[in-house]
Each structure stands twice: as C-alpha cells, then as structure tokens.
Amino acid sequence: MADASEKKPILQFAPFQSVVDEGFWHRLSSLKLNKLGIDDSPIPISGFYAPCSHAQVSNHLSLLTESLPTEASEQACTSSVSLGNRNKCSVPGTIYNTNTFEGYQSLDKQSLLKAETKKIWDDIHSGKALEDSAALSRFLIISFADLKKWNFYYWFAFPALVLEPAATLVGIKPASQWLSPEETESLSAACKEWRNSNLTADVPFFLVSIASDSSVTIRHLKDWEDCKGNGHKLLFGFYDPCHLPHNPGWPLRNYLALIFTKWNIRRIHFLCFRENRGFADMGMSLVGEALISVPEVWKDRNSVPNAVGWEYNMGKKGSKCVNLAKAMDPTRLAISAADLNLKLMRWRALPSLDLNVLSATKCLLLGAGTLGCQVARMLMAWGVRKITLVDSGKVAMSNPLRQSLYTLNDCLNGGEFKAISAVKNLKQIFPAVEAEGVVMAIPMPGHPVPSQEEESVLNDCRRLHDLISSHDVVFLLTDTRESRWLPTLFSAASSKITITAALGFDSFLVMRHGAGPFSSSNNLKTQTLSGPADSVDTASLSHNNGPQRLGCYFCNDVVAPIDSTTNRTLDQQCTVTRPGLAPIASALAVELLVGILHHPHGIHAEGEHANANISANHEQPLGILPHQIRGSLPQFSQITLLGHSSGSCTACSETVVSEYQDRGMDFVLQAINHPTYLEDLTGLTDLMKSASSFDVDWDKDDDDDYADDNDCVEI
C-alpha cells in the first residue's frame, strides 16, 4: 500500500492571478490625497472573482473601484459591495499602501503573509469560515502610489496553508464522466438554482449531496452535520476560477485544510464548478479525489501552518507596476496634477484647507495687465477654477515680458484683446479652468461722457454691475485710481469681497475692502468725519466704541477721483514699476483672499496686524488677516495697517451707497460727468473749506528741524 501511495501524483493547484481595474487606482489616489494623508495603516478591501467561464481562459481575482471604501465612510468597503451578484463573488482582503517607494521595498513580506494566514487559520478553527466561506480566499496586496508620475507599484499574495506532506491525487476527470447522466443532469439543475439565487449566487464554497435516486441538493458548509449521516454521496464544491482540464484552482488549497481540520476527513471528493457563458458546464467542471495526510498538530489552533501565496510576475516572484499617465485624458491628468500640491498641504501643514470652497469661488478680475495676469495664475495655483477677466486693451509688444499670460503671437496684427488672449492662454496652462474674457472699458469719474455716448456708457455700467453681482470676489487691478471707483461702489452696495492691488514705481498697496454699509453684520460701525480733528484718523488701529467696518481704497481720500490720464508723458502713460513688484503684490492679494475665505467671519473679519497679540483661540491656520499691506522695495520692507471706513468716503459711505440705491444709473452718470458732485454729497467740500480757514503760524525757529524731515512721506 505504501508503494502504491508513493506512486500517486501530488495534487497541484493552478495559482490565482490578479487584475486591477484603472478605477481602483483612481479611487486609491483620491482616498490617499483627500482622507488618508500620511496614514499608512492597512485598509480592508474586497476582491471579486467568479467561476471559470471559458475553456481557454481562467478567471482572475479583480480589484474594482468599489473594492475600496469611499472617502465619506470609514467602514470596510464590503459594506458597499452589492450581494448576490453571480459574476462578482466578494472576497475579503487587505491593502498595505506605503508612503514611500523605499517603504514599499522594505516591507516584511513574509510577516505580512503569515499575519493574513493566521486570520484564515483562526477563521477555520472558530467556525467563521463555515458561516462566511469567502474568508478562505482572503488575500493581501502591498502597494506604493507615485502620484506625481502616476506610477503604481503593487504585489498580490493569496495565502494558502501548506499541506505537509502534500495531498495526493487519486484521480480527476470531468464531472460528466464521473457522474451518471441522471446525476449530471440533476447536478446541473441544482447548480443553476444555486447560482441564480440572490442568497447563494456569490457563496463560493458549498456541499453537494447526491441521493441514491440521483437527485442532487446543494447545501451550505454549516449544514455539514445534516449531510454526513444521510448515506448520500458527498462532494465538496467550490467556484473554480481555473480553466485547466487536469488541475483545480487555488481556492481548493485552504478548502482542503478546512475539511481536514474541522471534520477530520482524509479522503476527499471535490467538485471544481465551472461555467460556459453563464451556464453550468459539467464537461468543463471537474470531480476529483484527493488523499490528505497531515500531522495531528494541525488540530492545535495555536500552531499556524506554513503558507505560500505571493503572486508570480512573468514567471518569477516580483511586483508589478502600471503607469496611468498615458491612459488618462490630458485634462483629467492636469486636474489631478494641479490639485496634488494643495491636497498634500492637508496632510500635515494645513489640514483645515477647504479646497471645495476655493474651487467654487467665482473671481472677477478687473484689469488683465501685469497684475491681472499674475493674480489669475496665482488663483489657479490655489485651486480657484472660475475666473473672469475684464479689460478693453490689446496686447502690445512691450507686454509679454511683464504680463505673464501673453506671448509674441498675441501682439501680432495689432494685438489681440487682452481679456480674450488671457483666457485662451489660461486654458492652455490648465484646460479645466472655467475662464471668461470680457472686453469692456470701465466708466470713470472725471471722464465726462458726451450725450451721444451716454447710453453706451450706461450699458457698460449695467454690465459691470451684473458681473460683480454674479461673482463672489472682485479684484481691482486697473492702473488708474478713478477706474476703481465704480466697481468699489457696486461691490459696497452688494457687500462683495473686494481686494485692491496698486503699484507705484517701487512700492505697492494690497488691501481688502470692508463689508458694505448695509451688510448683514450688525456689529459694524462707520466712523464719520463730523467730529473733532482726532476722530479723522482712519488709520487708527483700535477704536473705543467697538469694532468698525473696514475702509475701502477711497476712505483715506479727501478729494473725489478725477481724470489722471490726460496730459501725461510717456513714462506716465505706461505703468513704470520695478519688475519684481507686480508678482509680490499679486501673490499677497491672492493670499489675502484665501485668508478671508477660511476665516470664520469672512468679509466681516476684523483687520489684524503683525504686532497684534492674538489669542490662541482666534489664531487662524493661515496666519493673521490684515486689512492693508504696504511694501517698499528700496528698503525690502513690508508693513500692515488698519484703516476704518469713513463716513465721507466717495465710494463706500452710507451716503453714497444710499444715493446710488435710490437713483441708480442717473447717480452714476452724474458722478462721472461732475466729480465735485461726490465731494459735495459726502461733505468733503465743507471739510476742505473748514481746513483752509485755519490760520497756522509756523514757528520760524523750527525751520532747521523741518529741513531735516524732507524725506517724510506725504499722505
């Protein structure tokens, strides 16, 4: 008998093979960037396989998009897997995704395999595998996702308990040859019923009971006690992904271990169930007989057997790598790459960064010159996707060197309109940006409108009003003071977030405007100029009567905006500034916006300055939120200032906004044609008359001291 036993061939199993859908890697990337960050804890996942359905091709264990948990749920992904799908038998697994390639290479693969094997071993001894037989095919995958290059390195393992000595094969043949025609027909019908039921279609291991009258019943593994004593022939069935005619698939290995360990059966008849185009095929399905002889120590739960299972790649053990960059749509790839840096910020440095708020914010850029180009690019870098640029000028030959959205081609044939060209080039930089260009001049005070042009100018005013109303943020980036007046008025009337950036030759101003005088916040006050002289200090850093509304670009002025473009020399017609100034001011303007969007009080946030003592409870992740930032390149210095709103402001005061709301475009037209009208309306005319009536007697003894102060800046 011993000699005969030695001549029996060893039972050999066809290894499991894996296939990973592209959607799995996209879900893993999203999960890593948006939720997991640097957390490299193991993640429970689900794999899927089905019985072999083609005589020439084995089925693989597949990872799909739904194999991973969603970002919104921390529950195991199996909770979202649909049950009862005959084509997707769910198998539990674990993925170990490392943060670095070096970490991936240094993983202790043998320890990981042993840990997963112990889970299978414990499930067998505890009886869990009888209740949920899919646990016998538990798997693991180690991976590293290079999200810069879209390379994914991975290696599967399908842990299988090693039978020592190996099981021997008594015989194996097609089920149609092993069984009688009646049994074959009955088994085919029973398998069809099992596979078509939502309760059993995805149960991969089962018992086949064949009665003396050739009738066949398929039962769950937990029904073993009911089957063993009824005198029926018994086959241990499983869904076999393998197509080979003389070898069973990998799932049988742990199945044999369960059968021996739980029921001490040494001679086992098994059914490798296979299908052909969705129907049971008894010609492809196999019935075999195996002999098991393993040590009694297997019955000791604490003695975990050895295991094998790391997948082979091209005939040898090794990991696989897939690159999705070439397969991805260029626009989608650009979006992923653009968001990468922002999402990495949330891993450690800025967990509270709200990318949804940034991407949904609609920004209106008035001016598409040096500042406008830089601000647009900086907004895209922060994840803003909705940008509208307004400008009436054309690209000149002198522009491309300083205005970063234009090239030489944009200057040819008289030059393209800046607003149109800027949008075109923004989309070349980032195809997913939702950019729009509007060619329009902004009506300005001090530039009287002839009667025949009034309707056209009023249409521009209405269009500007509609643009501001339809956006969340307004950037004032024009190169004249008076061109900022009308958008400031409209923004104050609708209480829009408004940010001004203005350049001198070697200095700059970046500031955020306060909320409008009729904003919903009821704890803001407007400082007036009707009191004593010391109350006119609109740049004070505090006020005894509580928080006040922040000022706008015009709040510190004592004259209305007038024409500053007429009778200018060439150096005055061009924006002559040091080249490094615009990028600095533009970056600060966008950083200021991001700070506002992340501040709990938004547009109503009080102005802070660098030397303020801010309590830890009010400290923002992005730092302080100043009102004004003034910089000087000659001294490489920068200061933050706070200026409250003025009751005599020609743009944002309650008086002006009320008049605009009452009279509409008639008021606007009068302000454009008669600049002194704004001074009369706000009381600035009376203020200047009062100031000129003071008789100041200079002390002549102080002349020398005065001469020493020639470098003072006049405000």
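The values are calculated or read from the model by the stated rules, or taken from the named source; none is laboratory data. Predicted model, so just to flag it, every value in this text is computed and none were measured. All Cβ positions, glycine included, derive from the backbone under ideal geometry; neighbour counts span all protein chains shown. With ligands, DNA and RNA removed, areas are computed over all heavy atoms of the protein, side chains included. Shrake-Rupley method; radii C 1.70, N 1.55, O 1.52, S 1.80 Å.
Points worth noting:
- Label positions at Cys227 and Ala211, each projected 7 Å from the Cα along the C-beta direction, are separated by 1.6 nm.
- Greater than 23 Å apart at Cα, pairs in Lys114/Lys316; Lys8/Lys299; Lys35/Lys362: Lys8/Lys299; Lys35/Lys362
- Between 0 and 90°, nearest 10: helix 252-263 axis offset from the chain longest Cα axis: 60
- Using the Cβ-Cβ distance between His60 and Val357 with R0 set to 41 Å, the FRET efficiency from 1/(1 + (r/R0)^6) comes to roughly 0.45.
- Taking a ≥ b ≥ c as the square roots of the Cα gyration tensor eigenvalues, segment 353-430 comes out prolate, since a/c reaches at least 1.5 and a/b is larger than b/c.
- Ranked by the mean number of other Cβ atoms within 10 Å of their residues, highest first, the peptides 492-504, 143-155 come out as 492-504, 143-155.
- Backbone HN-Hα couplings from phi across segment 637-642 [Karplus 6.51/-1.76/1.60, Hz, Gly and Pro as x]: 10, 8, 10, 10, 10, 10
- Taking Lys and Arg as +1 and Asp and Glu as -1, the other residues whose beta-carbon sits under 13 Å from that of Asn151 total +3.
- Per-residue extension of 0.36 nm, minus the Cα-Cα distance of Ala325 and Gln620, leaves a gain of 102.5 nm for this segment.
- Three-way shape call for segment 197-280 based on the alpha-carbon gyration tensor, with the a/c threshold at 1.5: oblate
- Backbone HN-Hα couplings from phi across segment 654-668 [Karplus 6.51/-1.76/1.60, Hz, Gly and Pro as x]: 4, 4, 5, 5, 4, 4, 5, 5, 7, 9, x, 5, 5, 4, 4
- Full extension of the chain between Asp122 and Gln110 yields a length gain of 2.5 nm, computed as 0.36 nm times the residue separation minus the alpha carbon distance.
- Across segment 393-407, coupling constants 3J(HN,Hα) worked out from phi with the 6.51/-1.76/1.60 Karplus curve, θ = phi - 60°, read x, 10, 6, 9, 4, 7, 7, x, 5, 10, 9, 6, 9, 10, 10 Hz, and Gly and Pro carry x.
- In the chain, the longest principal axis of the Cα atoms and the axis of helix 109-126 are about 60 degrees apart.
- Near Thr94: Cβ cut-off under 12 Å, other residues only, Lys/Arg at +1 and Asp/Glu at -1. The net charge is +1.
- The gain in end-to-end length when the Asn413 to Lys192 segment is fully stretched comes to 72.1 nm, 0.36 nm per residue minus the alpha carbon separation.
- Under 12 Å, Cβ to Cβ, from Lys128 - net charge with Lys/Arg +1 and Asp/Glu -1: 0
- Other-chain or far-sequence residues with amide H under 5 Å of Cys52's (modelled H): Asn59, Asp240, Cys242, Glu275
- Calculated mean residue ellipticity at 222 nm for the chain: -8500 deg cm²/dmol, from DSSP H runs with n ≥ 4 weighted as -39500 (n - 2.57), summed, divided by the residue count and rounded to 500.
- With a 1.4 Å probe rolled over the protein heavy atoms of all chains, the accessible area of Ile629, Ile335 falls in the order Ile335, Ile629, largest first.
- Lysine pairs meeting the criterion (Cα under 21 Å, 8 or more apart or interchain), as found in segment 376-507: 8
- With Cα atoms, 0 to 90° folded angle of helix 581-598 axis to the chain main axis: 60
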